[in-house]
Amino acid sequence: MNAVLATILKRLGLGIATLFVVSAIIFSSISMLPGDFGQSVLGQSATKETVAAFRKELGLDKPAPVRYFEWLGAVLKGDLGTSFSGRNASGQDRSRKVSDLVMPRLWNTLFLAGVTAVIAVPLALFLGLTTALYRNSAYDRTVNAATLTTISTPEFFVAYILILLLASLWPVFPSLANVDASTGLGERLYRVALPALTLTLVIVAHMMRMTRAAIINLLASPYIEMARLKGASRSEIILKHALPNAWAPIATVIAFNLAYLVVGVVVVEVVFVYPGIGQLMVDAVTSRDIPVVQACALIFAATYILLNLTADIIGIVTNPRLLHPR
Amino acid sequence: MTADPNQPGAPGDILLEMRDVRIDGFSDERWHPIIKGVDLTLRRGEVLGLIGESGAGKSTLGKAAMGYTQPGCKIVGGTIRFDGIDLVKARDAEKRKLWGTRIAYVAQSAAASFNPAHRLIDQTVEAATRRGIRPDADSRADAVELFRQLQLPNPETIGNRYPHQVSGGQLQRVMTAMAMSPRPDLIIFDEPTTALDVTTQVEVLAAMRSIVDEFNTAAIYITHDLAVVAQMADTIKVLRFGEEVEEAPTRDMLERPKETYTRSLWSVRALEKPEVKSEDIVLSIDHVDAAYGPFKVLHDVTISIPRGRTVAVVGESGSGKSTTARVITGLLRPEVGSVSFNGEPLPASLKDRSKDQLQRIQMIYQMADTAMNPRQTVFDIIARPLEFYLGLKGKAREDRVVELLKMIELDESFMDRLPSELSGGQKQRICIARALAANPEVIICDEVTSALDQIVQEGILKLLLRLQKEFNITYLFITHDIATVKAISDEIVVMHRGRVVEQGLKSEILSPPFPDYTRLLLSSVPEMDPDWLTDLLAGRESRDPA
């Protein structure tokens, strides 16, 4: 048990180290973005002196390593900095704290991801297990063909088809998913129904096929034949003898798809006008709002690392060789 | 329709009857016959030995006795009746009720046949509990009792362990307990001791035999080792190419085999090479200690290998035989000690050795399958060392490949074949040709015949002996099989737990007085005598009353 704990702590430490490396990559690649915030706010006509003064005010005149460590130090204290936007040439400062901008959007994104995950993960597992159980049957082929179709269709297209069907022809759900802090839970769920459904269709195939493949892969093992020769039924073989040995690959692909739900859904957000973090980041890149871009990128990286870490840990604790060493 | 399972039939009643059973298997896009009309009759309490080479169909026939065929196989004819139930016509659900309760199966590789995710005890009682043969708690208590009878260590607690936490020999006994748990009428033992060391094999055989005797269970015992089956079976049936060769009571079969094929099955045991003494040492290993990370594997190993002779290294798995080979080849750097070749010390690590030093020592592996690149033709495989070591090109290289093929008794039509198009014996011959191509002085043979059938083994051993005579090659022959040792060696090194127990001429090692371990090892090799196991156990008991 202690060995497992040690392994998990080691992975956690590695995850944190990765996050630091990623923060440096984020910072340096954003510094390399073409264009300059000062110039783009003040316009082409601004004099060199004005631009320099403006840059100084924002702290952009300091060398990159200094800015990086200042930023890192602040982030470690929980301060993501202040947004660049809201400032203008006339010197007015209506800028907001980055956390005030990011947090509500992050919450929205996590809400949508959560709703999707609650539908998609059990559905994918169920489909994966049943298709493995009845493999090569008409059911198996239908499910495979259907999920392949949804994964091969661009997500905006899936989104528009769903809008056409469920918002326009049979108006069951709203086509706009605009929510804000005052929207109640029931109303929220109602409004995110279509985006959640779209994302479900997009991610279910990957998870379902991996589950099916992981199970079928194990069905050739001698211990599965042994289970059959001990009189186990097909469902017992799948659930009791194959599934406990298949969690590691399944957890990995689930983690991958959940991460996608957080960091990769900007297209769906745009289609449904959903105020998520993806849109915020795209807007921030357009307006060269460096602190916001950095904060978003850091959150995305942390999401990936955290989810993959969880998958790793599931892989470790479901492996009896690691959990019960000799 | 069927007898009450709790009411055992009278001993001597026919339990299993197979008539003209034919089974086809699917490969290369078509169906091939695997079993071509075999009859088999088994009475209650009787043990039938099924013997044959790999590919004889013995495992397929054994599983068919349960009404089961592997994916890709199907029963195409004949009848299989188990206690009045027609297993060919029975539906899956009907057969499932028999499997694990009235007919049990013990597989070859215990390590692969236990589910790694569940505790041993849960797997042991699974079948009995599923069919409600008795309350689960009673099954668990009964399993502990079976563990005790099978002489497993800590019978009370061993069931709480996971498969990877116990040794192969112990797992095989747990599997026997698992088969016995529902008190079946019939157990199919499918090569249950093939993967075990001889010393472990004796213990497992004894445990299985006593428990089968005790519950008067009928059994089909499948193996390729005649000496093993002689200890277990009342009757022996020999199979070849899916057909019966002959069937006879065990003693008759051993004393008077009718068919030449049956006699050839133990021909390798008759092979014996006269030993030749030699003082000219070509390779010597001096006081070597070696370790894998923190695990020390070799302790003060000293071996000297005379030129043109065969030194056999024997010992059970984990005794450090293969590690010694890795140290000699430079794959593993020893912690202490050195290896000298022709009196000159060899650099410890492979990458510090010169091409010439590499060329002089070649290796042949146990699994010829995995020792060849499956995408390369036989020509590519043999030509590579010719080019690398000798710089041969074009016509000269091609001629030499043909010559080498001739040496290993294959013709040039093999040049364009891929490893997958060769039989096991042919693959091993190609590996021998590859080693020969470098013109080596020493060839290390790591269990090169262990994966092969008896007759093929004999061919390979004869080939190796002939090559030794022609080219004065030195062999370091790693094996756990004493019959092979007798067939090929001049000197023997006995290893145990990473130490050399003794080294000497074959005649010295194989005759008394023996150190304790050598005696245990030699006495554990099954002999062609149905009373061998009984006598051995009796002898050991009187010597060691514990």
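Report yes if some residue within segment B:158-176 is in the same structural domain as B:HIS118 (by TED's automatic domain parsing), of a type in the set (D, E, K, R) and out of contact with any Leu (no Cβ under 7 Å at 6 or more places or on another chain); otherwise report no.
The answer is no, given that none of the residues of segment B:158-176 is in the same structural domain as B:HIS118 (by TED's automatic domain parsing), of a type in the set (D, E, K, R) and out of contact with any Leu (no Cβ under 7 Å at 6 or more places or on another chain).
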The correct count of residues that are among the acidic types (Asp, Glu) and either closer than 15 Å to B:TYR221 by Cβ or crowded, with 20+ Cβ neighbours inside 10 Å (or both) in segment B:25-50 is 1
From the set of residues in segment B:25-68 that are among the polar types (S, T, N, Q) and not assigned by TED's automatic domain parsing to the domain that holds B:VAL238, which is nearest to B:LEU87 (Cα to Cα)?
B:THR41
Checking B:ARG251 against (1) over 24 Å from B:VAL485 (Cβ atoms); (2) under 28 Å from the mean Cα position of the chain (by Cα); (3) without any contact (Cβ under 8 Å) to a residue 40 or more places away in the chain, only one condition comes out false. Which one?
(3)
Does segment A:116-138 include one or more residues that are touching a residue at least 24 places away in the same chain (Cβ under 8 Å) and over 30 Å from A:VAL265 (Cβ atoms)?
yes
Given (1) over 15 Å from the mean Cα position of the chain (by Cα); (2) away from every other protein chain (no Cβ under 14 Å); (3) assigned to a helix (DSSP H, G or I); (4) not aliphatic (A, V, I, L, M), index of the condition A:THR310 fails
(1)
Filter segment A:19-42 for residues that are of a type outside the set (Val, Ile, Thr) and under 22 Å from A:ARG96 (Cα atoms); which is surrounded by the most Cβ atoms within 10 Å (Cβ to Cβ)?
A:GLY38
Quick test for you: out of B:ALA248, B:ALA290, pick the one residue that is modelled with pLDDT of 85 or more, among the aliphatic types (A, V, I, L, M) and not assigned by TED's automatic domain parsing to the domain that holds B:LEU171.
B:ALA290
Every residue in segment B:202-260 that is farther than 23 Å from B:ALA177 by Cβ and among the hydrophobic types (A, V, I, L, M, F, W, C), please.
B:LEU226, B:ALA227, B:ALA230, B:ILE236, B:VAL238, B:LEU239, B:PHE241, B:VAL245, B:ALA248, B:MET253, B:LEU254
Turns out the strands (runs of 3 or more DSSP E) fully within segment B:301-405 with at least 3 residues that are of a type in the set (Gly, Ala, Ser) and either surrounded by fewer than 16 Cβ atoms within 10 Å (Cβ to Cβ) or not assigned by TED's automatic domain parsing to the domain that holds B:VAL202 (or both) are B:336-341
Which one of A:ILE203, A:ILE224, A:ILE215 is over 30 Å from A:ALA159 (Cβ atoms) and either more than 10 Å from every other protein chain (Cβ to nearest Cβ) or in contact with an Asp or Glu (Cβ under 6 Å, 6 or more places away or on another chain) (or both)?
A:ILE215
Confirm whether B:LEU152 is under 18 Å from the mean Cα position of the chain (by Cα), more than 14 Å from every other protein chain (Cβ to nearest Cβ), within 23 Å of B:LEU120 (Cα to Cα) and touching a residue at least 12 places away in the same chain (Cβ under 8 Å).
no
Pair list, Cβ under 6 Å, 6 or more apart: segment B:100-114 residue under 22 Å from B:ASN216 (Cα atoms) and more than 7 Å from chain A (Cβ to nearest Cβ), other residue in a strand (DSSP E or B) and at pLDDT 90 or above
B:ILE103/B:LEU186; B:ALA104/B:ILE187; B:VAL106/B:PHE189
Reported set for segment B:145-166 where residues are over 20 Å from A:PRO320 (Cβ atoms) and of a type in the set (Ser, Thr, Tyr) is none
Scan segment A:75-88 for residues that are touching a strand residue (DSSP E or B) at 6+ places or on another chain (Cβ under 9 Å) and either of a type in the set (A, V, I, L, M, F, W, C) or not in a loop (DSSP other than H, G, I, E, B) (or both) and jot them down.
A:LEU80, A:THR82, A:ARG87
Checked segment A:229-264 for anything out of contact with any Leu (no Cβ under 8 Å at 6 or more places or on another chain), modelled with pLDDT of 90 or more, more than 7 Å from chain B (Cβ to nearest Cβ) and part of a helix (DSSP H, G or I); matches are A:GLU236, A:LYS240, A:TRP247, A:ALA248, A:PRO249, A:ALA251, A:THR252, A:VAL253, A:ILE254, A:ASN257, A:TYR260
Counting only residues that are under 29 Å from B:HIS480 (Cα atoms), of a type outside the set (A, V, I, L, M) and touching a Gly at 6+ places or on another chain (Cβ under 8 Å), segment B:202-220 contains a total of 1
With the checklist (1) among the aliphatic types (A, V, I, L, M); (2) within 23 Å of A:SER233 (Cα to Cα); (3) modelled with pLDDT of 90 or more in hand, flag the one item B:ILE133 doesn't pass.
(3)
Take B:MET528 and decide whether it is touching a residue at least 40 places away in the same chain (Cβ under 8 Å), assigned to a loop (DSSP other than H, G, I, E, B) and among the hydrophobic types (A, V, I, L, M, F, W, C).
yes
Would you mind finding the one in B:VAL125, B:VAL88, B:VAL144 that is under 25 Å from B:LEU205 (Cβ atoms), free of Cβ contacts under 8 Å to residues at least 24 places away in the same chain, surrounded by 15 or more Cβ atoms within 10 Å (Cβ to Cβ) and more than 26 Å from the chain's Cα centre (by Cα)?
B:VAL144
From the list B:LEU418, B:LEU405, B:LEU464, which one is under 24 Å from B:GLN357 (Cα atoms) and either modelled with pLDDT of 90 or more or not acidic (Asp, Glu) (or both)?
B:LEU464
From A:VAL115, A:VAL98, A:VAL102, A:VAL75, which residue is touching a Cys at 6+ places or on another chain (Cβ under 7 Å) and at negative phi?
A:VAL102
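Could we say that B:SER139 is within 14 Å of another protein chain (Cβ to nearest Cβ) and at pLDDT 90 or above here?
Details: within 14 Å of another protein chain (Cβ to nearest Cβ): yes; at pLDDT 90 or above: yes.
Yes, satisfied.
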Considering only segment B:155-177, how many residues are modelled with pLDDT of 90 or more and more than 14 Å from chain A (Cβ to nearest Cβ)?
2
What number of residues within segment A:149-182 satisfy the criterion of being among the polar types (S, T, N, Q), farther than 24 Å from A:MET208 by Cα and either at pLDDT 90 or above or part of a loop (DSSP other than H, G, I, E, B) (or both)?
3
Within the group B:ASP197, B:ASP185, B:ASP213, which residue is surrounded by fewer than 23 Cβ atoms within 10 Å (Cβ to Cβ) and under 17 Å from B:ALA104 (Cα atoms)?
B:ASP213
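Out of B:THR518, B:THR534, B:THR484, report the one residue that is surrounded by 23 or more Cβ atoms within 10 Å (Cβ to Cβ), part of a helix (DSSP H, G or I) and of a type in the set (Val, Ile, Thr).
The match here is B:THR484.
The values are calculated or read from the model by the stated rules, or taken from the named source; none is laboratory data. Computed from a prediction, not measured in an experiment: that's the story for all the values here. Every residue, glycine among them, receives a Cβ derived from its backbone with ideal geometry; neighbour counts consider all protein chains shown.
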